[in-house]
Structures are given as structure tokens and as C-alpha cells.
1. Please determine whether any residue of segment 206-214 is surrounded by fewer than 18 Cβ atoms within 10 Å (Cβ to Cβ), touching a residue at least 60 places away in the same chain (Cβ under 8 Å), more than 20 Å from Asn317 (Cα to Cα) and touching a strand residue (DSSP E or B) at 6+ places or on another chain (Cβ under 9 Å).
2. Collect the residues in segment 19-49 that are in a strand (DSSP E or B), open to solvent by 50 Å² or more (accessible area, probe 1.4 Å) and under 21 Å from Asn93 (Cα atoms), keeping them in residue-number order.
3. Going through Ala353, Ala434 one at a time, which residue ends up being crowded, with 23+ Cβ neighbours inside 10 Å and among the small types (Gly, Ala, Ser)?
4. Among the residues of segment 9-25, write down those that are touching an Asp or Glu at 6+ places or on another chain (Cβ under 6 Å) and either within 16 Å of the ligand (Cβ to nearest atom) or at pLDDT below 95 (or both).
5. Return the residue satisfying two criteria in turn: it lies in segment 86-100 and is outside any loop (DSSP other than H, G, I, E, B), open to solvent by 80 Å² or more (accessible area, probe 1.4 Å) and of a type outside the set (Asp, Glu), and of such residues it is nearest to Gly125 (Cα to Cα).
6. Please find, within segment 379-415, the residue that is farthest from Ala342 (Cα to Cα) out of those that are outside any strand (DSSP E or B) and open to solvent by 40 Å² or more (accessible area, probe 1.4 Å).
7. Across segment 184-205, what is the number of residues that are open to solvent by less than 20 Å² (accessible area, probe 1.4 Å) and of a type outside the set (S, T, N, Q)?
8. Which condition breaks for Met79 when tested against (1) aliphatic (A, V, I, L, M); (2) open to solvent by less than 40 Å² (accessible area, probe 1.4 Å); (3) under 27 Å from Ile209 (Cβ atoms)?
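The values are calculated or read from the model by the stated rules, or taken from the named source; none is laboratory data. These figures come from a predicted structure and were not determined experimentally. Here Cβ is always computed from backbone atoms with ideal geometry, including for glycine, and neighbour counts include all displayed protein chains. Heavy atoms of the whole protein, side chains included, go into the accessibility calculation; ligands, DNA and RNA do not. Shrake-Rupley method; radii C 1.70, N 1.55, O 1.52, S 1.80 Å.
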Amino acid sequence: MAKLYVNPGNPKSKINKEIYGNFSEHLGRCIYEGLFVGEDSPIPNTNGMRNDVVNALREMKLPVLRWPGGCFADEYHWMDGIGPKEKRKKIVNTHWGGVVEDNSFGTHEFMELCRQIGCETYINGNVGSGTVREMSEWVEYMTFSGVSPMADLRKENGHEEAYTVNYFGVGNENWGCGGNMRPEYYADEYRRYQTYVRNYYKDKKIYKIACGPNSNDYNWTDTVMKIAGNYMDGLSLHYYTVPGKDWEHKGSATQFDKAEYYTTLHKAYFMEELLHRHGAIMDRYDPKKKVGLIVDEWGTWFDVEPSTNPGFLYQQNTMRDAMVAAINLNLFNKHSDRVKMANIAQLVNVLQAVILTEGEKMLLTPTYHVFKMFRDHQDATLLDSSIATETIGMDKDLIPNLTESVSRAADGSITVTIANLSLDDTYPVETVFAEGTPECVTGTILTGAMDAHNTFDAPETVKTADFSDAKLENGAISFNIPPCSVISLKVTLK
Ligand code: AHR
């Protein structure tokens, strides 16, 4: 029997809704086809945005979207993407497949997409190949409501009101595709660029994010925090779960054995070490935790689907991805005192996508279902919880059998999310509350074979079902959790 202890009398940090954020880059079929099809498309759309995709994202309660990259961000010149579409520059997308980027999706279109989804905006600026002036003018263009050259230009382009920019990233991966900088150099550049990310709002503030480390580059975090920690609201972290031995052999998204399943989950758990160690460095410079750790790229990265463009990073998504999502989201909840936002890569048709499209068809991936099952954690308060786990796995790739987190929403309802990572064993779980007695419980389950996935011919192979096996017994909640499954419970206490 696995006992899950919950102490509602010990509320912890707020789980920012932005932890459930996503990322959309000009990469492959994410923006074009996946989100934006243009007003003249036969695919039903509103101002060019696919209605099916927007509706699914609203249903998932997507809270925030990052754009335009990724590596694309440090080569993006925002003025190419404004004004009459026929006059917009056609450029080469050098990072992603060398395809033509016609800039038909630019600042106004991104803002329109976020308006339709009802989510916050996270814009990533260009440090690698852009100037301070260019970045500063983009901020003025988007956010200044008075009279100025850039605000006037925005108005000429059809948008009278200033837009809301909630988050602004000052460069992306500047240790790599964003300019191959050393941390000392980037930290100084960050201080300079961010100076001109002016705050024109009277009633709100743009949250400024500095480029953080690549995975376990602790020296980057230490140096950037030391030199520039006082000038930022957030510091990013990028870590991808890559099961293969190197980037040339990442492994297939759908063809894998049990050993590779456990290797993948073991690598996903590396996120826990990263949160602890980067968090500990940040604590030294920022003990009051004013600077958020922003995990703005995470998720699985496999070999592309056979016979697709290698530069498009299109991959399928199985129950294994659902497990990776559950592990990470529970970890982010548990570290929500420091993790203030996370953005899985990427929204549609790229890497660990929540949605895949093919022409007019759309499907929801197992990862989508996990995000939807976890959505009640958004803006809830993390509760103290712990579960007795066993170690499972193969060879050196060991992991705990169960992962969980628990939160309380403003209306008092409690959300429990738990995943059984074992491929073989069902576990009985008893949830015990230190205060209060459960009076009502409802649930949802996602389960299937480790490689189960949805296709355009069979889009509902993996889907959620009501979970009615949770029973109220002796003041606790008892249920069995089947192998390779995620359960979310909604509990009210008396
Ligand atoms: O998400 C794909 C790429 O991965 C991003 O463009 C980049 O930031 C990272 O290396």
C-alpha cells in the first residue's frame, strides 16, 4: 500500500498558472499550418488562426505562450513582420530547414492568436544579431500608448491600443545559437539591453527574463546571477529529455523497448537535480526568491518521424510522453517557490507537442491530456504532500514508481495528480489528510501501453476516462493506480 500524506494545514507556494505555459517558434509546421493558416484557407479559421486548435487550447486553459523562438528569436527582425503582408520580406529560416519565411505571421498576428486563446504573451527579443535600438523599438511599438514614432507606426498598421506584453526574454540560448557568448559577456550585454526594455505601462510591469543555463551549466547560472541578478525578474533554464546516446541517435518517438522507456523517464527526472542545484545557486544571490526560474524549454526530443524534414522536428507523442509530462509538472508544482513559469516545447507539430495537425485534421496528444488533467493546479496553492515510493526501472535507470503533487484552489477544492510510472505493477494508494475528512471525490484517468499514441486515422486511441474507483474509506481515499497511467482527483474536505 502506497500512502499519500497530505497536510492541508501546511500551505506552501502559489503554483503560478504560467507553469502550464507553452512555446511556439517559427519552426517546421508549428506556426504555419499548425496555428496560422491565413484568412483565405479552407480550414475554418478566425483572422487566419485555426479554430480547432484555438478551441482545444482554450479548453486546456493555456495560460501563456512564448514566441517567436528559440533559436529563431536571435535572428528575427521584428520589422520584417509588420505592415501590409505583400510587402513583408521573405527571408530564409536558416535554423530550421532553410525554408522561406514570408513573415505573414508577425507581431500583430501573435497578439491576435493570444487574444483568441485568452493567454498571456511572452515575447523573446533578439540579442544575438539584433541591436539595442531594435529591441527597444519593438517594446515601444508593442506597449506605448502615447505619441511616438513606434506607437504611431503600430496605429498606422491598424492597432490603436497598446498591446500587453507580460513577459520579455532578452535573448535565447546566448551560450549557443544566440551568439555563442561567455556568461560574463552575456551578463554585461543583458544589463545593457534590458535597460532599454522600457516599461511604458502605468498599471503593470513587463517581467524581464535573462538567458539562463543550458541544462547543468551551473557556472552560467552563478556568473549571470552574480553580474546581472539585480536587473532581472526571471532566469531561464533549458533542458530536454533525450533518451539516446547522443544528438545523432536520440531514439524513435514510437518504437522503443522497456529499457528505453525507463531510460527516458530516468532522464526526465534529471530535471529534479537541475531545479535543486540551479535553485541553490540562485538562493545565494537571491535568498528571498524574487527572481523566478523560468523553464522556458523542456520536454522530449526524439528522432524526427521517418520521411519528414529533419529541420522540422516533427515527432509523435505516446503514453511515455504523458509520463514525462506528469513527472515534470509535478516537479514544477513542488518547486513553485522558485519556478515561476515553464514552457514545454512546442505547442503544435514540433517536439513534445500537445497538438498535431495534418491538413484540416487535428489530434490531441497524450501530453495534451496531461496538461488538461493538471489544469486545476493553475494559480492554486501547493500543499505539503509526500508519498512512500519504491524504486523501479532497469539497469542504472532507476526512478520512483509514483510521482504526485497536491494543491488547493481558491474555492477550497483540492487537486491531486499522481502517475504510476511502472509498466508492470498496479499499486494500491491510500490518501490520508492530516486535517479535514474527504467528503467527495471525482477523478479522471489517462492510461495505455507505453507506446500508445493517437494518429489521424485513430485520433482517440489515447484519451481520458472518468475514474470512479477512488473510494472514501475510514476518512481516507483509496484506489488502485494501474501501470503507465496518470490520475487526477478532485477532492472536497469537510
Ligand atoms: O525547441 C527547439 C530549439 O531548441 C530552440 O529553438 C532552441 O532554443 C533550443 O535549442
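1. Filtering segment 206-214 down to residues surrounded by fewer than 18 Cβ atoms within 10 Å (Cβ to Cβ) leaves 214.
Those left that are additionally touching a residue at least 60 places away in the same chain (Cβ under 8 Å): none.
Taking every residue of segment 206-214 in turn, none turns out to be surrounded by fewer than 18 Cβ atoms within 10 Å (Cβ to Cβ), touching a residue at least 60 places away in the same chain (Cβ under 8 Å), more than 20 Å from Asn317 (Cα to Cα) and touching a strand residue (DSSP E or B) at 6+ places or on another chain (Cβ under 9 Å).
2. Restricting attention to segment 19-49, the residues satisfying the condition of being in a strand (DSSP E or B) are 21-23, 32, 36, 45-46, 49.
Filter once more, keeping what is open to solvent by 50 Å² or more (accessible area, probe 1.4 Å): 32, 46.
Tyr32, the sole residue that qualifies.
3. Values: Ala434 fails: crowded, with 23+ Cβ neighbours inside 10 Å.
Going through Ala353, Ala434 in turn, the sole match is Ala353.
4. Of everything in segment 9-25, those that are touching an Asp or Glu at 6+ places or on another chain (Cβ under 6 Å) and either within 16 Å of the ligand (Cβ to nearest atom) or at pLDDT below 95 (or both) turn out to be Gly9, Asn10.
5. First pass over segment 86-100, keeping only residues outside any loop (DSSP other than H, G, I, E, B): 86-87, 91-93, 99-100.
Adding the requirement that they be open to solvent by 80 Å² or more (accessible area, probe 1.4 Å) leaves 86-87, 92, 100.
Now drop any that are not of a type outside the set (Asp, Glu), which leaves 87, 92, 100.
On the way: Lys87: 23, Val92: 19, Val100: 21 Å.
Among residues in segment 86-100 that are outside any loop (DSSP other than H, G, I, E, B), open to solvent by 80 Å² or more (accessible area, probe 1.4 Å) and of a type outside the set (Asp, Glu), the one nearest to Gly125 (Cα to Cα) is Val92.
6. Asp395
7. To start, the set of residues in segment 184-205 that are open to solvent by less than 20 Å² (accessible area, probe 1.4 Å) comprises 186-187, 190, 193-194, 197.
With of a type outside the set (S, T, N, Q) added as a condition, the list becomes 186-187, 190, 193, 197.
Final tally of qualifying residues: 5.
8. (2)
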